[in-house]
Every structure is written in structure tokens, then in C-alpha cells.
Amino acid sequence: MSRNRRVARGPARTVVNARGPADLVAAVPYLMGFVPSASIVVVSLRGPRLRLGVVARLDLPPAGREHDTAAAIAAFVRRDGPREAVVLVYDDRPWTRWWPRPHQLLVDAVGDDLGRHGVPVREAVYVGGQRFWSYSCTMPGCCPADGWPMRDAKASEVAATYVLQGRSPLADRQGLVDRVAPGDPATLAAVEDAIDTCVAAVGPQGQDTRAAGWRAWQRARASDLDTLARRYAAGERGLSADEAGRALAGLLDHEVRDVVAVRWTRWMPSLAAPGTADEVTRPVAELADDSAPPDLDDLELAEAVEQLLVDLAVRADGPAALAPLTLLSMQCWACGNGAAAGVAVDRALAIDPAYRMATLVDQLLRAGLAPRWAADVRADDEAPGRRRLVSVDEMSSRPLEPPDGSC
């Protein structure tokens, strides 16, 4: 991989064009990170060139709740300031050429809601098993009666571009859940013993945050996490039980957790109001080592830190898992991966609904707030240019999704 891949900016943005339903069907699993099922997906198209914006997903509603679901997903997408939108429905109901088509009421309700706010639906597609159809096709003979085969989407230029970038969507959302699920009991027990040993080493002075020994312990744990992050960034992955135990013991302390948040995740640079960071950044000066700060815009570093946090999260359950799960959610959001962010914070809140940092991240996701770099992307989207159906690029193609009953 090229070392100049950037999270927030770079010398160039690779763009591929989606010209029709097959390209849209090909793109969505890569944008979501998994293949949707029993879902409605709405894609925001921004600016004169109809650049891809927010990609939102919700579960298909039960009968009678179509308008509620339509209002929720349309409101989320409208916050992105779209010029137009695309709707895709994923289900296994048989397609019919005649109205009502599968989930036609839901598609119409989304279109009506967006239309009332000046956002037309450019295309609507039904994806059912091995074939897909266009809701927009209303004239006999304009589209194949039995739809287009999925192989058309999988063979598209859009799919080929993502494959060349090394992307590979998971088979379903459960893959994201499994990615952060607790590991095997033997590993959990070994790591828990290592956590206990590390916490016990600080002794009674751990109750007094003013004690010199306690501060030294915090610095040691921050240093442990620095070492692991640099090792992962260098391509050396994997954790022993002792390494995971020391790192997780450190993350039980909120100041050490905050050092990791500021020093290694893109959370703070991605927040819209940097002035709110003073309380969080203060421990960094006191606990972090004197080495040069990492380049947080390096995409390979961001991916390495994400994998480290995953590896820590799956080696713990209960309170010890809260910090790595929350930090993982923060990192995923900051890099534009809303689906993974929602899954990680969901597990954290299932462990402790009152964990403050997780509740803040959850609120941010539910509000659909975008990272700060998204403003630069949106400004570029508004630049004049040739009108396309949708342009997909490495920056804006990662979804920010409403986590309420979704993803």
C-alpha cells in the first residue's frame, strides 16, 4: 500500500463514476462494509457533480410503520444537504411489474418526504436475492421483466475499482458484530488475570491520584499503549495475554484512555469544535512520552490503530471492554465508518448504559454529525463540474449511518 494514503486529505482523490442501477448495487456493500439485507438504504448526492454523501440504512419496517421509517431515514439524510438522493431496498419478496411492488409504500414515503424538502429521488432500486429491478421503470419493455442479474453489478467497473483498492465487504451486518464480540473464555480469563495483576501492582496508592507511584503507573500504561500502537503501525500485529492485560488495565483509567484518544485516534481532529478539547488534552502533556506525535492523517496508521482497538476489545468483557470499544467507535466515526462505529458503541452501552464517553459517541452518531473533514469534502462537492449520476471517492464513500435500529 502507498504510504501517502490519507484519511482527511491528500494530493488527489480517486473517483469512479456510477452510471446506473448496476453500479449503485455494486457500490453499496463496499460503502456499508457489508451486504445489506431486509434493509432500506438511502444515498445522499451532493453538489453539481452529484458526489456521494451520507449513506444511511435502516431495517425494513413492519406493515403500518412505513411512514415512520421513511421520516427517520429521510431526516437523517437531509442533514447532509443533498441535491438529490438514491433509494435501494433489499429483501427477498418476489418482484412484480405491477403496483404495488415490494415495499412500494416505503419507497414512495421516502420520496415524498425528501421531495417536500426539495430533494428529488433520482433512482430507486429493489435488490432481491440474485437479481435487481428499478422502481423508476414504469413502461413495459424499458427494463427486463425478470430484472438484471447480480453478476452485472459484480462485474461493473465500480466493483472492480473497489476490489483493486483492497476492499472486501462482509457477507452481512452480523460480521461487524462478530468482529467486536468477546473472544474465547480461556483468552478472556487469561487477560482478566493479567489485568488484575497489573492493577494490583499499583497498590493502595491507586486510590490517591496525587501519589507519585500512581502517576508513574499511569505513565507506564500510556507508554505500553504507545508501544503497541507503533508496533501495529509497523505491521506487527497480535497481543499476548500479558500485553493485552496491561493495556486494558491502563484504559480502565480515564486519563490514560484520553491520552490514547487524543494521541492515536482521529477523534479530536475530527470534532467540529476544537475549543472543547482542553479537558481531554490536558493529560496528554503530563502522561505522554516525548516522542514525535503520530501522523493521524495517515490512513494506514488509522487502520492499524483500529485493528489494535479491535484486538483489545475482543480480549475483554465487562468493564475492561468499555474503553477499547468506545475508542474504536470514536476512531471509526472519525474516519467516516458509521456502521462499525455504531456496532462498537452498541456493545459498550450493552455492558454499561451509563458509560459517559460511550453515551456521548452514541448521541453524536444518532444526530448524524459528520467529522470536521466532511466540510472540506462538501465544499469540493459544491464546485462546478460535469453532472454525473454519482461519484464515489475514497473519502466520502464511508457511511455515517443512523444506529437506531439500524446498520
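The values are calculated or read from the model by the stated rules, or taken from the named source; none is laboratory data. Just so you know, these numbers come straight off a predicted model, no measurement behind them. Heads up, the Cβs are rebuilt from the backbone with ideal geometry, glycines too, and the neighbour counts pull from every protein chain shown.
Being among the basic types (Lys, Arg) and either assigned to a helix (DSSP H, G or I) or under 23 Å from ALA18 (Cβ atoms) (or both) holds for only one residue in ARG97, ARG122, ARG93, and it is ARG122. For the range 225-250, a residue qualifies if it is part of a helix (DSSP H, G or I), in contact with a helix residue (DSSP H, G or I) (Cβ under 8 Å, 6 or more places away or on another chain), surrounded by fewer than 21 Cβ atoms within 10 Å (Cβ to Cβ) and not small (Gly, Ala, Ser), and the qualifying residues are ASP226, ASP242, GLU243. Assess whether ARG315 counts as being in contact (Cβ under 8 Å) with a residue 24 or more places away in the chain, out of contact with any Cys (no Cβ under 8 Å at 6 or more places or on another chain), part of a helix (DSSP H, G or I) and basic (Lys, Arg). It is false that ARG315 is in contact (Cβ under 8 Å) with a residue 24 or more places away in the chain, out of contact with any Cys (no Cβ under 8 Å at 6 or more places or on another chain), part of a helix (DSSP H, G or I) and basic (Lys, Arg).
Only one of the listed residues (ALA63, ALA72) is more than 27 Å from TRP148 (Cα to Cα), surrounded by fewer than 24 Cβ atoms within 10 Å (Cβ to Cβ) and within 20 Å of the chain's Cα centre (by Cα). That residue is ALA72. Among the residues making up the range 83-102, those that are under 27 Å from the mean Cα position of the chain (by Cα) and of a type outside the set (Asp, Glu) are ARG83, ALA85, VAL86, VAL87, LEU88, VAL89, TYR90.
The residue that is surrounded by the most Cβ atoms within 10 Å (Cβ to Cβ), among those in the range 349-373 that are under 18 Å from the mean Cα position of the chain (by Cα), assigned to a loop (DSSP other than H, G, I, E, B) and among the small types (Gly, Ala, Ser), is ALA370. Among the numbered conditions (1) over 26 Å from PRO371 (Cβ atoms); (2) surrounded by fewer than 20 Cβ atoms within 10 Å (Cβ to Cβ); (3) not small (Gly, Ala, Ser), the only one that TYR90 does not meet is (2).
The rows are residues; the columns are (1) more than 23 Å from PRO29 (Cα to Cα); (2) modelled with pLDDT under 90; (3) not hydrophobic (A, V, I, L, M, F, W, C).
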| residue | (1), (2), (3) |
| --- | --- |
| GLY115 | yes, no, yes |
| ARG122 | no, no, yes |
| GLY128 | no, no, yes |
| ALA145 | yes, yes, no |
| ALA160 | no, yes, no |
| SER168 | no, yes, yes |
| ALA171 | no, yes, no |
| ASP184 | yes, no, yes |
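Every condition in (1) closer than 23 Å to ALA171 by Cα; (2) crowded, with 23+ Cβ neighbours inside 10 Å is met by LEU50 except one, and the failing one is (1).
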